[in-house]
Amino acid sequence: MRPVRVRFAPSPTGALHIGGVRTALYNYLLARKTNGTMILRIEDTDQTRFVPGAEEYILQSLAWVGIKIDEGLKEGGPHAPYRQSERKALYKQYAQKLIAEGNAYYAFDTEEELEAMRTRLKATGSVSQQYSATTRMMMNNSLTLPEAEVKQKLEKGIPYVIRLKVPDAEEIQLQDLIRGEVKVHSSQIDDKVLMKSDGMPTYHLANVVDDYLMKITHVIRGEEWLPSAPLHVLLYRFLGWETQMPQFAHLPLLLKPDGNGKLSKRDADQMGFPIFPLNWKDPKSGELAKGFRESGYLPDALLNFLAFLGWNPGTEQELFSMKELIQAFTIERIGKAGARFDIHKAQWFNQQYLKAKPNEDLAAYLLNALPKEISCSKEKAAKICGVLKERVTFTQDFWQQGKFFFEAPTSYDDQVITKKWNDEAVKVLTAYARALSGIKDLTAELAKSTLENVASNLGIGTGKILQALRVSVTGGASGPDLMRSMEILGCTEVVSRIEYALKTIKKV
Ligand code: GLU
């Protein structure tokens with residue numbers, strides 16, 4: 001068995017879509033599981049679709065989620081360069097070999113001639129207007145033109161492309177690790193361009209040549225590439241590399257949250273969830289798309305969520321560390337059916353990961369969000385995160401929900417005031433503020449027992465006034481454990497807040 005070598009081969013044509021991150025993840029899991037090698041190859045041969053910044057964005061996204069590359073742009077490796085545009089000279093010889101052996105040909109057709117062919121075929125009611133076995137003999141190429149003329153055209157520098165000569169009537173078969181046997185009739189495949197007139201290879205040629213040269217053993221990629229796979233099989237055959245052909249695994253589609261159709265950026269925008277790992281500013285339109293990172297997702301939670309979009313471990317376990325994912329992952333457990341992109345599930349994973357993190361680690365999220373004029377020790381921030389972590393979904397929630405620790409309320413929840421601010425509440429809170437004043441180090445336990453004492457002395461149940469206490473201390477109707485919150489706030493602050501509330505809340 002050859003040592004496992006997999007590659008993630010994105011094209012820098014825009015922001016890396018979340019589906020691309022899943023593809024990278026599955027490749028990475030297989031590489032790590034088998035002690036194999038994870039390669040990053042940038043497929044940038046289509047110069048017309050090049051987007052500045054996209055390549056750097058891909059690198060940053062992979063770094064953020066923690067997918068480590070063994071061979072690639074930054075890492076180097078035995079097959080460098082790993083950017084296809086820098087490998088341009090390499091592809092030509094393979095195209096030449098295909099021509100020499102009668103498996104590819106020069107085509108000189110101009111845009112107008114191609115258009116004329118399509119119009120003609122349409123007019124005759126032909127279902128397909130492709131350049132293929134049925135049409136190639138009517139066109140301007142090295143199969144139809146006399147040899148001398150072809151030579152002359154090449155010498156003169158007349159623009160040409162190189163096309164694959166797809167066999168006429170043949171069933172092309174391939175074994176996909178996820179889909180089993182895939183059969184496509186060659187009549188379904190057109191004579192794809194392998195080399196463009198600018199001398200650049202197309203995706204198909206560059207992809208196959210590089211997979212071969214880089215000794216790739218498994219091609220794990222999105223379902224949208226399945227239609228290209230038979231063509232790739234032909235290329236392996238024509239280039240004499242059949243025994244080195246990688247195994248294919250085409251991953252299931254990512255579907256919209258309701259399961260109807262392919263997930264798109266438009267759905268994500270409409271429903272208000274991210275679809276890119278990091279913020280992305282489109283260089284053309286200037287439009288900013290919010291990333292998972294900036295939306296408050298943790299990278300490990302996101303990966304755990306993505307791992308389950310198409311794969312499952314066959315058990316009930318849902319929370320998997322990277323180490324566990326590597327252990328449990330197998331291509332055999334990837335399904336064919338499209339995977340619903342359930343953003344609520346992503347949020348659930350994020351909650352679980354936030355909850356499981358040590359308070360000291362969470363403190364950074366709160367400290368980073370604090371406005372400059374507020375200072376807070378790491379210890380205090382960790383304590384605040386500790387009381388909040390059961391309640392938060394996103395990293396920014398620590399500040400959103402924990403603001404009251406830093407800013408005394410100046411307004412109060414209307415509903416609580418209407419329903420719970422009454423004589424009894426005022427009585428208990430007045431006595432409670434007085435009782436607390438004598439205490440030096442307020443603990444949650446002491447805050448609770450003091451409240452119980454005060455209330456029972458007045459013959460009032462604590463349950464009746466808890467909401468009033470919360471609103472006077474925090475301003476809100478709900479929040480984290482009140483006694484523990486008061487411990488963090490400290491006695492002086494709690495007393496001053498209760499007294500301020502008693503003064504300002506007029507309704508009795
Ligand atoms: N460059 C292709 C893409 O952008 C790679 C497809 C493949 O993995 O073969 O997705």
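The values are calculated or read from the model by the stated rules, or taken from the named source; none is laboratory data. Remember, predicted model here, so these are calculated numbers, not experimental data. Cβ sites come from the backbone with ideal geometry, for glycine too, and all protein chains shown count toward neighbours. Just so you know, the surface numbers come from the protein's heavy atoms only, side chains and all, with ligands and any DNA or RNA stripped out. Shrake-Rupley method; radii C 1.70, N 1.55, O 1.52, S 1.80 Å.
Would you check the range 46-179 for Lys pairs whose C-alpha atoms are within less than 21 Å, ignoring same-chain pairs closer than 8 in sequence, and give me the count? Number of lysine pairs found: 11.
Dipole magnitude for the chain: computed about the Cα centre from +1 point charges on Lys and Arg Cβ and -1 point charges on Asp and Glu Cβ, it is near 860 debye. For the range 339-483, the pair-distance distribution built from all alpha carbon pairs, in bins 10 Å wide starting at 0, is 11, 32, 31, 20, 5, 1, 0 percent.
Available extension along the chain between residue 373 and residue 242 is 40.5 nm, counting 0.36 nm per residue and deducting the alpha carbon span. Under the criterion of Cα pairs below 8 Å and six or more residues apart, the relative contact order for the range 297-418 equals 25 percent. Only protein heavy atoms count here; on that basis, with a 1.4 Å probe, residue 218 has an accessible area of about 30 Å². Please determine, in degrees from 0 to 90 and to the nearest 10, the orientation of helix 462-474 with respect to the longest principal axis defined by the Cα atoms of the chain, where the helix direction is its Cα long axis. The answer is roughly 60 degrees. Here the contact order of the range 338-397, divided by its residue count and restricted to Cα pairs under 8 Å and six or more residues apart, works out to 47 percent. When you restrict to C-alpha pairs under 8 Å that are six or more residues apart and normalise by the size of the chain, the relative contact order lands at 12 percent. For the chain, the carbon plus sulfur part of the accessible surface works out to 50%, probe radius 1.4 Å. Quick check: the angle from helix 229-238's long axis to the longest principal axis of the chain, C-alpha only, nearest 10 degrees? For 229-238 against the chain, the angle is about 40 degrees. Per residue, the accessible area of the range 137-242 comes to 44 Å², computed with a 1.4 Å probe over protein heavy atoms only. Please give the helix 359-369 orientation as an angle from the longest Cα principal axis of the chain, in degrees from 0 to 90, rounded to the nearest 10. With both axes taken from Cα atoms, the answer is about 80 degrees. For the chain, the convex hull drawn through the C-alpha positions has a volume of 199 cubic angstrom per residue.
Computed over the chain, the per-residue total of -39500 (n - 2.57) for DSSP H runs of n ≥ 4 gives a 222 nm mean residue ellipticity of -13000 deg cm²/dmol, rounded to 500. Solvent-accessible surface of the range 296-419, taken per residue with a 1.4 Å probe and all protein chains present: 51 Å².
Remark: the range 1-124 carries 45 Å² of accessible area per residue (probe radius 1.4 Å; ligands, DNA and RNA excluded). For the set 485, 142, the ranking by accessible area, highest first and with no ligand, DNA or RNA atoms included, is 142, 485 under a 1.4 Å probe.
Just want the answer: with Cβ charges of +1 for Lys and Arg and -1 for Asp and Glu, which residue in 477, 150, 307 is farthest toward the dipole's positive end in the chain? It is 477. Taken about its Cα centre, the range 397-508 carries a charge dipole of roughly 340 debye when the Cβ of each Lys and Arg holds +1 and the Cβ of each Asp and Glu holds -1. Between the listed residues 254, 270, 234, the Cα displaced farthest toward the positive end of the dipole of the range 130-274, a dipole computed from Cβ unit charges relative to the Cα centre, is found at 270.
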